[in-house]
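The structure appears right after this line, and notes come after that.
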């Protein structure tokens, strides 16, 4: 039996200082279509590069989990991913600046 996929109903944003950098960061969680998975989107960079949250994109685990693709990186994603997993969300865009 197939499990229905879940996303969120509407966008929501949070802001605060980056854990390792202290830089102001804004996270915006947005609904995503079926089979999108979890995708981080760097809205502060040209072309808004997306990094799917899959094991193939893990580039470092020394001070947290870092995802990267084509030179674009997002650090310490494990906390956000744990919350998304705990809420049983299958498809979501996580847009971030900073």
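The values are calculated or read from the model by the stated rules, or taken from the named source; none is laboratory data. This is a predicted model, so every value here is computed, not measured. Methodologically, a virtual Cβ is constructed for each residue, glycine included, from the backbone with ideal geometry; neighbour enumeration extends over all protein chains shown.
Quick notes on this structure:
- Put simply, of 43, 36 the only residue that is surrounded by 11 or more Cβ atoms within 10 Å (Cβ to Cβ), over 17 Å from residue 98 (Cα atoms) and at pLDDT 95 or above is 36.
- Hey, residue 95 closer than 23 Å to residue 12 by Cα, touching a residue at least 60 places away in the same chain (Cβ under 8 Å) and surrounded by 17 or more Cβ atoms within 10 Å (Cβ to Cβ) or not: yes
- Selection count where residues are without any contact (Cβ under 8 Å) to a residue 60 or more places away in the chain and either surrounded by 13 or more Cβ atoms within 10 Å (Cβ to Cβ) or under 13 Å from the mean Cα position of the chain (by Cα) (or both), scope region 78-92: 8
- Region 54-77, subset touching a residue at least 40 places away in the same chain (Cβ under 8 Å) and under 13 Å from the mean Cα position of the chain (by Cα), residue surrounded by the most Cβ atoms within 10 Å (Cβ to Cβ): 75
- Selection within region 17-31 - surrounded by 11 or more Cβ atoms within 10 Å (Cβ to Cβ) and without any contact (Cβ under 8 Å) to a residue 40 or more places away in the chain: 17
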